[in-house]
Structures are given as structure tokens and as C-alpha cells.
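S.K.: Please see the structure below; I have some questions.
Please treat every number below as a calculation from the coordinates, not as lab data. Being a predicted model, the structure only gives us computed values, none of them experimental. Here the Cβ positions follow ideal geometry from the backbone for every residue, glycine too, while neighbour counts run over all protein chains shown.
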Amino acid sequence: MDCLFCKIFQGQIPSKKVYEDENVFAFEDIHPLAKTHILFIHKKHTTNVNGLSTIHVGQVFTAIKNWTSGQKIEKEGFRVVTNTGPDAGQTVFHAHFHVLGGEKLGGFGK
Ligand code: AMP
Ligand code: ZN
């Protein structure tokens with residue numbers, strides 16, 4: 001499968017891993033948009049969030065909870081974003097969830 005994020009979680013392309021469990025992998029975004037910018041992906045390849053089952057989405061959000069729980073980022077706050085399709089500017093077509101924080105975030109969208 002010629003997919004950048006599949007290659008990343010399989011270790012074929014290097015990344016700065018911050019979290020991994022049986023189903024989910026998380027790593028630093030290469031072009032951070034906030035002091036903390038992590039990408040959480042499910043290991044099941046699917047183009048965007050609509051291809052993930054509710055169980056898969058729950059596993060991703062459980063991983064985000066596991067990674068943030070009890071940490072400074074949980075206390076100070078963070079944002080989860082998933083871009084889907086051209087209007088949202090999606091550039092990598094393996095479903096992923098941006099976790100942004102580590103500083104006061106501005107507004108988003110129009
Ligand atoms: P999106 O625009 O929502 O599809 O987000 C894709 C994200 O993947 C962007 O924020 C990129 O900076 C990030 N990205 C692209 N290639 C890599 C890579 N090799 N390692 C880490 N993050 C990447
Ligand atoms: Zn993939």
C-alpha cells in the first residue's frame with residue numbers, strides 16, 4: 001500500500017513517535033502549527049474519518065485520552081481536528097486526527 005502514514009506506523013519511514021498501542025499510532029507533525037502538534041492515526045488504512053467505524057474512532061479518542069490524561073496539555077487544553085476532503089485542505093489520505101496545544105490557540109475557520 002503506497003500510503004505515507006501506513007509506512008510511518010510500520011516503521012518504513014521515520015517519525016517522532018509519542019504513543020502507540022495495538023490499534024493506534026501517534027507522532028509529531030513535521031510542520032507543527034502549534035507548540036504541540038501530534039497526529040493520531042488508526043492502524044486500519046482508510047481515506048478519511050468517514051471510513052472509520054465508531055469502534056475505531058473510539059479507539060483513537062481513547063488513545064488521545066491516554067496520552068493527555070494527567071498531563072499539562074490536559075489541564076491547559078487542546079484541540080482535535082480531522083480534515084476531510086478538498087474544502088478542508090486534506091493532504092494525506094489516511095485518516096488522521098491533529099492534536100494541537102501547548103499554547104493559547106487562535107480561532108479557526110471563517
Ligand atoms: P492534513 O492537511 O489534515 O491532511 O494533514 C496532513 C499533515 O501531515 C500535515 O500537517 C503535514 O505537516 C503532516 N505530514 C506530512 N508528512 C509528514 C511526515 N512525513 N511526518 C509527519 N507529519 C507529516
Ligand atoms: Zn494508510
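S.K.: Which ³J(HN,Hα) values in Hz, rounded to whole numbers, follow from the phi angles of region 56-71 under the Karplus curve 6.51 cos²θ - 1.76 cosθ + 1.60, where θ = phi - 60° and Gly and Pro get x?
M.R.: 4, 4, x, 5, 5, 5, 5, 5, 4, 4, 4, 6, 8, 4, x, 9
S.K.: Project the alpha carbons of the chain onto their principal axes and report the range along each, largest first, in whole Å.
M.R.: Over the chain, Cα extents along the principal axes are 38, 33, 29 Å.
S.K.: Which lysines have a Cα less than 24 Å from the Cα of Lys75, not counting those fewer than 8 places away in the same chain?
M.R.: Reachable lysines: Lys16, Lys17, Lys35, Lys65, Lys104.
S.K.: Return the long-range amide H neighbours of Asp29 (sequence gap of 5 or more, or a different chain), with a cut-off of under 5 Å between placed amide H atoms.
M.R.: Distant-sequence amide H within range of Asp29: His37, Ile38, Leu39.
S.K.: Springs between alpha-carbon atoms under 10 Å, Gaussian network over the chain: tell me which of Ala34, Ala95, Ala26 tops the mean-square fluctuations.
M.R.: For the chain, modelled as a Gaussian network with Cα springs under 10 Å, the answer is Ala34.
S.K.: Just want the ordering: Ile30, Ile64, Ile41, from fewest to most Cβ atoms lying within 10 Å of their own Cβ.
M.R.: Ile30, Ile64, Ile41
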